[in-house]
Every structure is written in structure tokens, then in C-alpha cells.
Amino acid sequence: MLKAQRAVAGSRIIGLGHYQPERVLTNAELATMVDTSDEWIRTRTGIVERHIARDDETVADMATAAARAAIADAGLEPDGVQLIVVASTSVMDHSPNVAGRVAAALEMTSPIIIDINTACSGFEHGIAVADAAIRAGQVERAVVIGSEKLSAITDWTDRTTCVLTADGAGAFVLEAAATEGEIGVGPTVWGSEPTMSRAVIVEDETGNKFTQDGRMILRWAMSKASGITRDAVEAAGLAMDDIQVFVPHQANLRIIEPLAEQLGLTDRIVVTDVQVSGNTSAASIPLGLSKWWHEGRIPSNAPTLLFGFGGGFAYASQVVLTPNREP
Ligand code: ACO
């Protein structure tokens, strides 16, 4: 018989951070680059502007900035966390992985370093992995980061995709919850839709550029998302009425708004950061929530429904509580 590590009750979120590059790209500017218009982009996607990284700014640089902010927000030094999980689908340098680059940049001693690529649902997969490691008693604290430089994998001559994509990063710090009453991360409902595995593509045949079947994804979201998110709420032992904040993947306002309507969440706080940040894939959920939290738009200890979906075709959803303090 082997000895197992001592398990703890669960985990909770104690810090949120984010980073966006300085450069803002407006719809008007895009209309000078491809055959599009501010009106088309706003009505089809809700996006007004987005942030684009400098040429020399990497996925790891943005991940490090978001992690640094989240760790400081939690009142910790970098060595206060023992696990780094990074979700990204726009990494072109594979080793050291992004988590390893973050560990080096933050001058940490010996953290566990894990990268995850499940595209737009990568961050929620990261929360599941970090929560499991904490619950198993392997680490006391973890930082989960979503970071993307989609501008580097965007075909800037393709109007069907270049109006959507953007860059940025967001991060949460998770800590062990000693008692059941302190648990702030619910079970993850996660999986994939293998028949749609090619709905989102970034590969050599397309010159490593992002392409997607937007219509197919819209249809999937409208028919499948409500069931997955309802399961996540039920798994957390809550009812939809208990949810105070809804943060779906920030892909398109035309998915976010009808989904909130399907779930009866239109009178709650629905994060719509996509309007000023565009689609930042794995970064979109932590970036949007962290921004709104630090702007004072999100209550503390609030049941918050996260739902990521996209490339793979993968999805993941869980309910988390925002930190039990003022931002
Ligand atoms: N400007 C002007 N016209 C355009 C543009 C543009 N930027 N892009 C496309 N068009 C045209 C098309 O050529 C087409 O013209 P046609 O009718 O003459 O052929 C017309 O507009 C309609 O194009 P559609 O692609 O059918 O537009 P749709 O209404 O489906 O909107 C969109 C496209 C915004 C991509 C939408 O399908 C969508 O958001 N889908 C969901 C995507 C998603 O959620 N992905 C998430 C996972 S992947 C990830 O996040 C990385």
C-alpha cells in the first residue's frame, strides 16, 4: 500500500491581476487596413477597440505581468506560490514553457511549471488543475494565468478574423481552503466536442494563422452552453438564482448576451470586456474579471460563473467566489 498525501477541503481565490499592452487598435484604424467598417464590427461582434502587443512583447512577458499583479493583490511574494499553470494557444517557443519563463522572470525558487493548450477554455482548465493539486495537498497556493498574443497568429489581411483577435493576460491566485465553509472554487464541468475539432485552427498549413468556423461555433454555443453552465452551477451546490456574476469567454457580444438571456442572468453582472479588449482567447475570462474587480464593479465573495469554450473543441465551466475582501 502506498501513502497518499493529506487532502484539504478545497481551494479559494485570493488575488486577481491582469495586463494589457499599451497600444489600442480602433475599428476605424482597422477599416484602413481591410475592407470593413466600425459599424460592421460593432453590430456583428460588439467590439469597439482592442489592445495589441509590441513586436518585442511576448506571451511570457504578459503572463509575468499578470501573475506579478495577482500575487501582489493576494499580498504575497512570488515564492508564496508553489505551482504556476499557464493557459495559452499562441505560444510559438515551446521550451522553456511559458510557466518556466514566468518562474525565471519572477526569480522563484522551485515552483511546479505547467502549460496548458486548450485555447479559449484553457484558463478554466488551469483552474481545475490547480484546484485538484491544492485539494490533493500537493501545493498550498497556485497562480493560474491566461496569456495570449493572438496578434502574432492573426492574418492581418483577413477581415473575417483580424477584427476579432487581441492580446493580453489575466491571472488568479488560488489558496488551500482549510474548511468546507471556506471553499471558493466549485467542481469543473469540462470536456470536448471531437466532431468539431477543426472548428478553430492555428497550424502550419495556414501559415500558423488563426481561422475558425464562426457560424458553427455560434450554433454550438447557442445549443450546448446553457446545459454545461447549468451543470457547473448544480455541481457547486447552487441554483442559477444564486449566481451574481457571469463571465463567459469574451469572443463576441452576440454570444454573451443571448447566453445570459438563456440562463436568466441578464439582471446580474455580465462581464462584457470584449467590447474594449476584443477576443483574447485563454486570457479573456481572467482579464475581464480582474479588470472589473479592480474597477470596483464586482462584489466580494460573489458566486461567479465562468465558462470557456473554443479550440479543441474544448470547454470548461466552474463557479468561483470572488475574494472575500474589497479589491
Ligand atoms: N467586415 C465586413 N464584412 C465582413 C467582415 C468584416 N470584418 N467579416 C466578414 N464579413 C462579411 C462576410 O464576407 C459575409 O459576406 P457575404 O454575406 O457577402 O458572404 C458577411 O460579412 C457575413 O459573414 P459571416 O461570417 O456569416 O458573419 P457572422 O455574422 O457569422 O459573424 C463572427 C462572424 C463574428 C466570426 C461570428 O460568426 C462569431 O463571432 N462566431 C463565434 C466565434 C467564437 O465565439 N469563437 C470562439 C472560439 S475561438 C476563439 O475565441 C479564438
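A few points about this structure:
- Restricting the stretch 197-232 to residues that are touching a Ser or Thr at 6+ places or on another chain (Cβ under 8 Å) and assigned to a helix (DSSP H, G or I) leaves a set whose member that is nearest to the ligand (Cβ to nearest atom) is GLY214.
- Filtering the stretch 124-141 to residues that are buried (at least 24 other Cβ atoms within 10 Å of the Cβ) and within 20 Å of PRO78 (Cα to Cα) leaves GLY126, ILE127, ALA130, ASP131, ILE134.
- Each residue in the stretch 162-193 was checked for being at pLDDT below 95 and either touching a helix residue (DSSP H, G or I) at 6+ places or on another chain (Cβ under 9 Å) or within 16 Å of the ligand (Cβ to nearest atom) (or both), and 0 of them qualify.
- When the residues of the stretch 53-68 are filtered to those that are surrounded by fewer than 21 Cβ atoms within 10 Å (Cβ to Cβ) and in contact (Cβ under 8 Å) with a residue 60 or more places away in the chain, the one that is nearest to the chain's Cα centre (by Cα) is THR58.
- Residue list for the stretch 157-190, filter: surrounded by fewer than 16 Cβ atoms within 10 Å (Cβ to Cβ) and closer than 30 Å to ASN324 by Cα: ALA178, THR179, GLU180, GLY181
- Within the stretch 29-48, being part of a helix (DSSP H, G or I) and within 13 Å of TRP156 (Cβ to Cβ) holds for GLU29, LEU30.
The values are calculated or read from the model by the stated rules, or taken from the named source; none is laboratory data. Just so we're clear, the structure is a prediction, and the values are computed from it rather than from any experiment. Cβ sites come from the backbone with ideal geometry, for glycine too, and all protein chains shown count toward neighbours.
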